[in-house]
1. Among the residues of the stretch 79-106 satisfying the criterion of being modelled with pLDDT under 80 and either among the hydrophobic types (A, V, I, L, M, F, W, C) or in a helix (DSSP H, G or I) (or both), which is surrounded by the fewest Cβ atoms within 10 Å (Cβ to Cβ)?
2. Name the helices (runs of 4 or more DSSP H) wholly within the stretch 173-284 that hold at least 1 residues that are more than 21 Å from the chain's Cα centre (by Cα) and under 30 Å from I108 (Cβ atoms)?
3. Specify which of the listed residues (G254, G175) is more than 22 Å from Q73 (Cα to Cα), free of Cβ contacts under 8 Å to residues at least 60 places away in the same chain and not hydroxyl-bearing (S, T, Y).
4. Can you find, within the stretch 238-272, the residue that is most open to solvent (accessible area, probe 1.4 Å) among those that are within 22 Å of R203 (Cα to Cα) and among the charged types (D, E, K, R)?
5. Kindly evaluate T2 against the criterion of being at pLDDT below 70 and part of a loop (DSSP other than H, G, I, E, B).
6. For S137, only one of the following conditions fails: (1) open to solvent by less than 30 Å² (accessible area, probe 1.4 Å); (2) modelled with pLDDT of 90 or more; (3) not β-branched (V, I, T). What is its number?
7. What residue, of G126, G68, G121, is modelled with pLDDT of 80 or more, in contact with a strand residue (DSSP E or B) (Cβ under 9 Å, 6 or more places away or on another chain) and within 30 Å of A252 (Cβ to Cβ)?
8. Does at least one position in the stretch 295-312 carry a residue that is over 25 Å from N142 (Cα atoms) and in contact (Cβ under 8 Å) with a residue 24 or more places away in the chain?
Amino acid sequence: MTTIKDIALNANVSASTVSRVLNNDQTLSVATATRERILKIAEELQYKAVKKRKSGHKAVTGFAPNIGIIMQQSLEEELSDPYFLSIRQGIESECNARGIISTELFRINNQNGDQISEKDGLIIIGKLNEEIIKKYSSNIKNIVYIDDSPDEDLYDSVVIDFEKATNKVLDHLLGIGYQRIGYIGGRQREYREQHDSREIAFRKRMKKEGTFREEDIYIGEYTMTQGYDLMKEAIKNASLPDAFFIASDPMAIGAEQALREANINVPNEVAIVGFDDIEMAKFAITPLTTVKVHTWEMGRVGVNLLLDRMKGRKMPVKVTFPTEITIRESCGSKSSIQKPLK
């Protein structure tokens, strides 16, 4: 039987691209000629998608649920901050590996989500308004949250411990002598009044240390531009902190550029630690010390939890992923050893 991998090999594209073309994913940016080539090869190889019987039972060829992936971020926002993009790619990779092609991506900000209710299960990426979820998924029993856990007694979830990660960063910075530490971060669009978990942990720890300064906290959007602008704002003040913990790598890279333009050396004058360990972090002007999050694996585990729940598991499961601090030059330490956040 022809598989997605067979089509990908013949079309000289990735299996993920084939899957998204066959599912008519309109968010996929691919040349018309490539799309037509994939569809033609699929037809020539007599590819047949696994579909449900009218009775509602799965086809005899295997367990093939119809999965919805829900996220708030637009495509542009995904590309500007790869954190959520990597989670989604992990989900799609695991679905492809399991031969599941009946997946559909819903971006809440771009559509009303009426078709969500038709899905067998949902994977929700990030923090979304619970009323929106209830509106479109009231009849769906199988739901997994990734990067949020709104009700661990009801839903499966895959998360990281932001407080533990933040404290490990502060342990490192305080341990190498930094006393005045600032924070640059953001808040999700629909939750402006709610502090991010990293910000909460930062405030708590610095107050405990007796060195908390409200004026050293800068909040905006999770973008490179906002990181740049917020650091520009910090530079205008009378004095800068000795170091900054910045809640995303794109923000940290933007902040580093602002410091460079002001002729402020990183890390000799101001140290920086980011969050995510995206690929560009190691290629920053001063390679970025950052918290590594296993976003791809979080996506894969989310799929496995959903399938397991569909097969009859009743008890909800919450999986907390470990994180690591990747130490590079931006924090004043040249060790490149990854230290598990224990």
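The values are calculated or read from the model by the stated rules, or taken from the named source; none is laboratory data. All of these numbers come straight from a predicted model, not from anything done at the bench. Cβ atoms come from the backbone with ideal geometry, glycine included; neighbour counts cover every protein chain shown. Ligands, DNA and RNA are excluded from the accessible area calculation, which covers all protein heavy atoms including side chains. Shrake-Rupley method; radii C 1.70, N 1.55, O 1.52, S 1.80 Å.
1. L79
2. Working: elements: 197-209, 224-236, 249-261.
Correct list: 197-209, 224-236.
3. Numbers: G254 fails: more than 22 Å from Q73 (Cα to Cα).
Exactly one of G254, G175 is more than 22 Å from Q73 (Cα to Cα), free of Cβ contacts under 8 Å to residues at least 60 places away in the same chain and not hydroxyl-bearing (S, T, Y), namely G175.
4. D242
5. Values: at pLDDT below 70: no; part of a loop (DSSP other than H, G, I, E, B): yes.
No, not satisfied.
6. (2)
7. Values: G68 fails: within 30 Å of A252 (Cβ to Cβ); G121 fails: within 30 Å of A252 (Cβ to Cβ).
Result: G126 is the single residue among G126, G68, G121 that is modelled with pLDDT of 80 or more, in contact with a strand residue (DSSP E or B) (Cβ under 9 Å, 6 or more places away or on another chain) and within 30 Å of A252 (Cβ to Cβ).
8. Keep residues of the stretch 295-312 that are over 25 Å from N142 (Cα atoms), which gives none.
No, that holds for no residue.
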